[in-house]
1. Could you check the spin-label model distance between D:PHE58 and B:ASP197? Points 7 Å from the Cα along Cα→Cβ, value in nm.
2. List the distances, in nm to one decimal, from the label point of A:SER17 to the label points of the same position in every other copy, shortest first, placing each label point 7 Å from Cα along the Cα-to-Cβ direction.
3. Starting from the 7 Å offset along Cα-to-Cβ, what nm value, one decimal, do you get for the label separation of A:GLU31 and D:ASP87?
4. Rounded to the nearest 0.05, what FRET efficiency is calculated for B:ILE164 and A:LYS49 with R0 set to 60 Å and r the Cβ-Cβ distance?
5. Using the Cα gyration tensor of the protein assembly as shown, with a ≥ b ≥ c the square roots of its eigenvalues, what is the shape: rounded (a/c below 1.5), prolate (a/b larger than b/c) or oblate (neither)?
6. From the cross-link list B:LYS65/B:LYS135; A:LYS62/C:LYS64; B:LYS62/B:LYS122; A:LYS122/B:LYS135; A:LYS36/A:LYS64, which pairs have alpha carbons spaced over 20 Å apart?
7. Shielding of B:197-203 by partners, i.e. mean partner chain Cβ atoms within 10 Å per residue?
8. Taking only Cα atoms and a 10 Å spring cutoff, compute GNM fluctuations for chain B and point out the largest among B:ALA105, B:ALA193, B:ALA29.
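Values quoted throughout were computed directly from the atomic coordinates according to the rules given, and no laboratory measurement underlies them. In this text, all values refer to a predicted model and were calculated from it rather than measured experimentally. All Cβ positions, glycine included, derive from the backbone under ideal geometry; neighbour counts span all protein chains shown.
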Number of protein chains: 4
Amino acid sequence: MSEEKNIFKQLFDEEESLTEKQQKIVEAAIEMFAEKGYASTSTSQIAKKAGVAEGTIFRHYKTKKDLLLSIVSPTMAKLIAPFVIRDLNKVLDAKYDRYEDFLKAMILNRQEFLKENMTAFKILIQEIPFHPELKEQFREHIAEKVFEKFVRLVDHYKEKGQIIDLPSPAVVRFSATSIFGLLIVRYLFLPEADWNDEKEIEMTVQMIVNGIGKG
Amino acid sequence: MSEEKNIFKQLFDEEESLTEKQQKIVEAAIEMFAEKGYASTSTSQIAKKAGVAEGTIFRHYKTKKDLLLSIVSPTMAKLIAPFVIRDLNKVLDAKYDRYEDFLKAMILNRQEFLKENMTAFKILIQEIPFHPELKEQFREHIAEKVFEKFVRLVDHYKEKGQIIDLPSPAVVRFSATSIFGLLIVRYLFLPEADWNDEKEIEMTVQMIVNGIGKG
Amino acid sequence: MSEEKNIFKQLFDEEESLTEKQQKIVEAAIEMFAEKGYASTSTSQIAKKAGVAEGTIFRHYKTKKDLLLSIVSPTMAKLIAPFVIRDLNKVLDAKYDRYEDFLKAMILNRQEFLKENMTAFKILIQEIPFHPELKEQFREHIAEKVFEKFVRLVDHYKEKGQIIDLPSPAVVRFSATSIFGLLIVRYLFLPEADWNDEKEIEMTVQMIVNGIGKG
Amino acid sequence: MSEEKNIFKQLFDEEESLTEKQQKIVEAAIEMFAEKGYASTSTSQIAKKAGVAEGTIFRHYKTKKDLLLSIVSPTMAKLIAPFVIRDLNKVLDAKYDRYEDFLKAMILNRQEFLKENMTAFKILIQEIPFHPELKEQFREHIAEKVFEKFVRLVDHYKEKGQIIDLPSPAVVRFSATSIFGLLIVRYLFLPEADWNDEKEIEMTVQMIVNGIGKG
DNA sequence: AATGAATGAGTGTTCATTCAT
DNA sequence: GATGAATGAACACTCATTCAT
């Protein structure tokens, strides 16, 4: 619980009190980390791109890694925020009768977020493998909390008779990789292709729910 | 075409003529690149782990990047090898009546490969974003050739009446992300979990083909 | 002469007009300079320890070295103060018939001073070798004026027949190093040992006087 | 015991296997450390003065501090070497009937050593206060072993009736500070003055012995 | 008077690469 | 073929000092 609070406190602290220079540093860092990777981006390059002195970076962020985490931790927190609200099931009951509707709503919602945080998200998934702290945050928040919530959610729709009798973890994995597959292809692999987003989502949800086989 | 030749030539060159020291260098490099990333692994660390002098690395590989490519390019080539054989369709006709069977066979086959080349594969997907040459190789070989072949393959099964009438690229994307989703979760996220591989594949193919909806 | 005035002016300036913050800065600086040395102590560390902003230090002391000198120069001045009074010989005639008595009185007096200014004294002797200004002050005030005065003083007691016929400079050096040897061992090397100060002084004076005394 | 071995192993290892560049680095470092102090000497300055690349320093010495210790530890070891030979007392019995003779011999011997290692010795005493490892070495080797040996030695001459009945530690301290007082004044304070070394030693020994001698 | 953000030169150290042996 | 000493540019980070508030 305190962990959760922490991650969200970081989130808001940062959002508000960023000085102008700090803002520029973060922007430059995001751009460069995404393009060349954290390890291959030097603080002097960030400083130059941000138009500040190199020392200024270290006045705001104790280390280069601090700067990375200040970008990537809040992104992870915001990414999973919709799933850690306390009464998710109530929302679902009230608003989404069908798993299909829930999926569609969720994809749209997260797509909106990713569209605006694509670069930070890219950094997040690129750097997770190299930083134990990130791995740990990922494990704790996503692999455990969100996954578990999602499993219960699938159970919920199973009880309603909407989902076939396969193990819920497998269903969750299948749903999740299909969704993230779409979003990653859409925003990371081929971001400049001409997409009809709504239709792609529609089709993806349809394939998840109905599969691609005939009759 | 010459690119393609290149990639395969490298593949076989390497396999055969590796001296003992070279073998040790490559092994050490694979282990460290996977763990800490290319940029964060120093040639001196590789040399130490391989038990050779630092200069020896540069006798065999002109640059550090050469060493990376000697690991990663053949891996990409081998990974997609089954899809670039000239008469894939004939094979399919002869052996796999149903898309389902093809999928199952393919997943099993690639799983076998990944199991033995997991570390190199990990490096491959981790480093692609940071190296234009790799991006280009990926684009040319996978995003174009393999994807295209896959699309024709889906068309093939569509004509047989086995696949619903959605745009083939969407179907391919869906199939591919579901499969890679499984393999990545299985081998990269949770490699030490207790998996019943055969059953997972079974279920995944079933979900791709039938979806998760009821009735 | 103007130098001398300077050194004493500083001495009193400081004593009186120190603001509260300034006091804290000086205290923090003394503590840290003694422990880690001038060069290895950063102004930011001093500021933090003093509980003031870094800029505040530079409002009171133009440079970091100014801060050092404001600590060390007055200490040197006070240390040698008893020797630069104009009519030392009269005092001696009036009060100390024997060299022995003079030595004992002097050691006791300087010991009192060192006990209370040990840390600043430590800084003084540690930093003298690295700062030309301090070397110069030392040379001018101690190596010349005080030494010369001491030589005349030994001559004085020689005339009284109390000191053997060795060159006065050698006698002075011997007396001085014996005394400072005691004080340095006592206060810098083994400050927390259990000392019987009076007895140590007694013995040291006895050894010096036996050494150079006449029958 | 193993400590002792260590310190002497360093001593000889180093003496022999120094490459030409390493020799130059050490020479440059000694010169600069003595002049400006360890903390105020930068590795780039050392490199420049030694005529090598900065990286070369770190090929031979893992850190800047390693370089310091490689200079200063052997110096301390050699300085105290004559006192840690196993059968010091036998030597004394055989060669020096009188404390006076022993003192004279020892001063001459150590003076010879200091003359040739003055700069390293200067660094040693300047840096001891700032480096816990050096403090510890000093405490262990000098403050304990050598001091203790010296005390027994004074006891030895006391039994022979040559030294007055004052506590041996005080006698040792007095002798030692008088001797080091001479050597420090001679070699550090006023190295370029015109000294009659033999006569100074003669006088100092005389004053010490008169001071603590019997009859 | 006091602050603390900003600076840019400088720090110790690591790097990929070269080359004489 | 293999070595490892040597390089100098680059690295993350710290420094004393300035100045607008």
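1. 4.5 nm
2. Once sorted, the set of distances for A:SER17 reads 3.8, 5.3, 6.2 nm.
3. 8.0 nm
4. For R0 = 60 Å, the calculated efficiency reads 0.80.
5. Verdict is prolate for the protein assembly as shown.
6. A:LYS62/C:LYS64; B:LYS62/B:LYS122
7. 2
8. Largest GNM mean-square fluctuation: B:ALA193.
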